[in-house]
Structure formats: structure tokens, C-alpha cells
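A.B. asks: Below: one structure in C-alpha cells.
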Amino acid sequence: MATDLPPPPGARPDWTIDQGWATYTQAEHDVWITLYERQRDLLPGRACDPFLKGLDALDLHRTGIPEFGRINEELERLTGWTVVAVPGLVPDAVFFDHLANRRFPAGNFIRKPEQLDYLQEPDVFHDVFGHVPMLTDPTFADYMQAYGQGGLRALNLGRLHNLARLYWYTVEFGLLETAAGLRIYGAGIVSSHAESIFALDDPSPNRLGFDLARTMRTPYRIDDFQQVYFVIPSLQALLDATLADFGALYAALAGQTDIPIEAVLPDDKVFTRGTQAYARRGGRTAA
Ligand code: PHE
Ligand code: FE
């Protein structure tokens with residue numbers, strides 16, 4: 001996305017807007033409540049403990065779409081993060097600058113009742129329910145800030161496509177290994193009822209140990225369930241793996257080809273060797 005776009009009319013120079021909480025309709029609050037209750041019933045035993053703990057701490061239910069000002073009191077106290085409202089997707093540089101300053105940009109609109117299961121653009125349910133609980137975890141909070149700083153650098157170095165894959169396979173679609181089994185921490189999974197089941201239970205996708213360079217060489221799907229999920233041993237391990245300066249890694253990646261999305265390599269730590277049956281069937285379009 002171009003980085004020099006002006007903000008839309010009514011938005012501030014950093015693209016933030018007022019959430020406009022008072023203008024949500026009851027029907028919009030009801031969409032939140034429906035989505036919230038479905039995930040609340042599904043996620044214990046699927047989402048990782050830091051996510052479930054964060055969900056409780058922020059008390060995201062109440063009577064509907066949460067007011068960001070209320071969430072921010074607790075979130076800021078816990079990790080210094082805040083949620084800011086934006087009209088939708090923002091340019092990369094704007095997004096990274098917010099993250100680097102511990103601000104999470106969240107869309108203020110909510111999907112329509114007929115889009116409960118799938119929508120193209122992240123809405124307030126994906127952004128707040130999906131992302132914000134993990135921001136209450138101090139380690140993950142540090143990771144997200146570091147990612148923002150790294151994003152600005154990747155942009156300048158022309159390696160954003162590699163770094164974006166790291167975001168995708170961790171922040172959006174990451175799995176965590178625990179003594180009790182695999183658990184979800186990725187926002188794209190926890191905010192989707194169907195993928196919260198698919199990501200853990202379906203025999204189709206590969207589930208492979210996280211490796212920084214490998215992840216950055218793996219393309220991803222934006223329009224359907226993932227064909228591969230990467231599993232981290234701990235949030236601290238993720239943060240540790242990304243602390244080093246990526247300059248040398250980016251230079252090495254420039255000479256390397258992408259890894260086919262469904263590949264399992266000899267060096268991969270294999271949690272599940274997927275059948276890829278879902279993708280071969282044609283995925284969502286065949287469903
Ligand atoms: N260490 C990375 C760099 O030098 C920054 C980063 C940290 C990127 C965490 C992603 C996640 O660019
Ligand atoms: Fe997201």
C-alpha cells in the first residue's frame with residue numbers, strides 16, 4: 001500500500017478517528033454479542049492461556065461493542081498499550097508507527113449480520129477481540145512493539161514482503177506449543193469460529209515448528225484457511241528469535257526462493273503432516 005496517502009476526510013494526520021461509540025446501533029452491538037458468545041464457548045482449551053486471561057482482564061463482553069476508552073484504562077495499566085480507532089486498513093508506515101508507540105489501530109466498524117463467518121477487511125471484532133487480549137501479555141506486548149519498529153526498517157530496506165509473512169504466521173495465525181497440547185494465539189484464528197476448529201483439529205494443514213527464516217520464505221493465503229501453521233515453543237522464544245537485527249537475514253533472503261506453501265522440508269519440526277485435502281478440494285469456494 002502506498003505510504004504517502006493522505007488520511008481520509010475527518011481522520012487525523014495519523015489516520016485515527018473517534019470511535020464514535022455512541023452511534024453504534026443495537027443491531028451492531030448484537031453482532032458483537034453473537035460473535036463474542038460463540039468464541040467464548042469455543043476457545044477454552046483452544047486459545048492459549050495468555051489470550052484467555054487477557055479476555056477476562058479486559059471484560060470485553062458487557063453489553064456489546066466495547067468502548068475503547070474503557071478497555072484502555074486496563075490495557076494501559078497492564079502493558080502500556082492503547083487501542084486507537086481507524087476507519088479501516090491504514091498505510092503500512094502509519095500502522096508500524098502506531099505499533100512502535102504501543103498503539104493498536106482498530107477498525108471502528110462491525111461486520112453485517114450476514115458476514116458473521118467471513119469478511120475481507122478486519123472489523124472491530126477481529127481487531128479488538130482477536131488482537132487486544134494478547135496485548136495484555138508483557139512478552140507479546142514487547143514483540144508487537146518491536147515488530148512496529150522492524151516494520152519501518154523493512155519498509156526502507158525493501159523487505160516488507162518477508163516481514164509481513166512473519167506477522168501473518170505469528171500475530172495472525174500463530175499456534176503455541178503447551179504441555180496440554182497446541183493452543184491458538186493468532187488473532188486471525190481466535191476471531192474466526194471455523195478456523196478456531198480447523199487450525200487445531202483438521203487433518204489438512206501442516207503444523208510445523210516455527211523457524212524465523214523459513215516463515216519469511218513461505219507465502220500465505222489471505223482468502224481461506226491456512227495450509228500451514230507455525231508453532232512457537234513459547235512467547236518468549238518468539239521474542240528472542242526476533243530480537244537480532246534482521247539486516248543479515250534480509251540480505252540472505254534476497255538470494256532465496258519462496259518455499260511452496262504446502263511443502264514439508266527435511267529440517268522442519270513436524271507436528272502434523274497435513275493431507276492438504278481441504279485446499280485440494282478447492283477450499284472455501286468448494287464448500
Ligand atoms: N529485530 C528486527 C529487525 O531488526 C525487528 C523485529 C522485531 C521485527 C520483532 C519483527 C519482530 O528488523
Ligand atoms: Fe489482524
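The values are calculated or read from the model by the stated rules, or taken from the named source; none is laboratory data. As the structure is a computational prediction, the values presented were derived from the model and not from experiment. Neighbour counts are summed over all protein chains in view; Cβ atoms, including those assigned to glycine, are modelled from backbone coordinates with ideal geometry. For the accessible areas, the whole protein counts, side chains as well, though only heavy atoms, and no ligand, DNA or RNA atoms are used. Shrake-Rupley method; radii C 1.70, N 1.55, O 1.52, S 1.80 Å.
A.B. asks: Ignoring ligands, DNA and RNA, what percent of the accessible area of the chain is carbon or sulfur (1.4 Å)?
C.D. replies: Of the solvent-accessible surface of the chain, carbon and sulfur hold 53 percent.
A.B. asks: Based on the Kirkwood radius over alpha-carbon pairs, what is the Stokes-Einstein translational diffusion coefficient of the range 86-139 at 10 °C with 1.306 mPa s viscosity, in µm²/s?
C.D. replies: Working: Rh = 12.1 Å.
D = 131 µm²/s.
A.B. asks: Moving on to the next point. What are the residues whose amide H is under 5 Å from the amide H of V86, where those residues sit 5 or more places off or on another chain and H is modelled from the backbone?
C.D. replies: I17, A106, G107, N108
A.B. asks: How much of the DSSP beta bridge set in the chain is antiparallel, as a percent to the nearest 5?
C.D. replies: Details: 7 of 19 bridges.
Of those bridges, close to 35 percent are antiparallel.
A.B. asks: Report the rotationally averaged projected area of the range 21-286 based on its alpha-carbon convex hull, in square nanometres.
C.D. replies: In nm², the orientation-averaged hull projection of the range 21-286 is 13.6.
A.B. asks: I need the Kirkwood Rh of the range 229-287: take the reciprocal of the average 1/r across all distinct C-alpha pairs and report it in angstrom. Mind dumping the intermediate values first?
C.D. replies: Numbers: mean 1/r = 0.0677 Å⁻¹.
For the range 229-287, inverting the mean 1/r across all distinct Cα pairs yields 14.8 Å.
A.B. asks: Mind putting a number on the dipole of the range 116-268 about its Cα centre? Charges go on the C-beta only, +1 for Lys and Arg and -1 for Asp and Glu, and I need it in Debye to the nearest 20. Walk me through the numbers on the way to the answer.
C.D. replies: On the way: 8 positive and 20 negative charges, 96 e Å.
For the range 116-268, the charge dipole is close to 460 debye.
A.B. asks: Ok, one more. Subtracting the Cα-Cα distance from 0.36 nm times the residue separation, let me have the gained length for L89 to A263 in nm, one decimal.
C.D. replies: Length gained, L89 through A263: 59.6 nm.
A.B. asks: With the other protein chains left in place, how much accessible area per residue, in square angstrom, belongs to the chain at a 1.4 angstrom probe? It would help to have the intermediate numbers written out before the result.
C.D. replies: On the way: 12680 Å² over 287 residues.
Per residue, the chain has an accessible area of 44 Å².
A.B. asks: Using alpha-carbon pairs under 8 Å, 6+ residues apart, how would you state the relative contact order of the chain in percent? Walk me through the intermediate numbers first.
C.D. replies: Details: 454 pairs, mean separation 49.2, N = 287.
Relative contact order of the chain: 17 percent.
A.B. asks: If you don't mind, another one. Given labels modelled 7 Å from the Cα in the Cβ direction, how far is it in nm from A286 to E121?
C.D. replies: 3.2
A.B. asks: For a quick protection proxy, order the peptides 103-113, 162-172 by their average other-Cβ count within 10 Å, most packed first.
C.D. replies: 162-172, 103-113
A.B. asks: In the range 189-287, what is the volume of the convex hull around the alpha carbon atoms, normalised per residue and reported in Å³? Mind showing how you got there, number by number?
C.D. replies: Working: hull volume 12.0 nm³, N = 99.
With only Cα atoms used, the range 189-287 gives 122 Å³ per residue.
A.B. asks: If the only charges are +1 at each Lys and Arg Cβ and -1 at each Asp and Glu Cβ, what is the size of the charge dipole of the chain around the Cα centre, to the nearest 20 debye?
C.D. replies: 520
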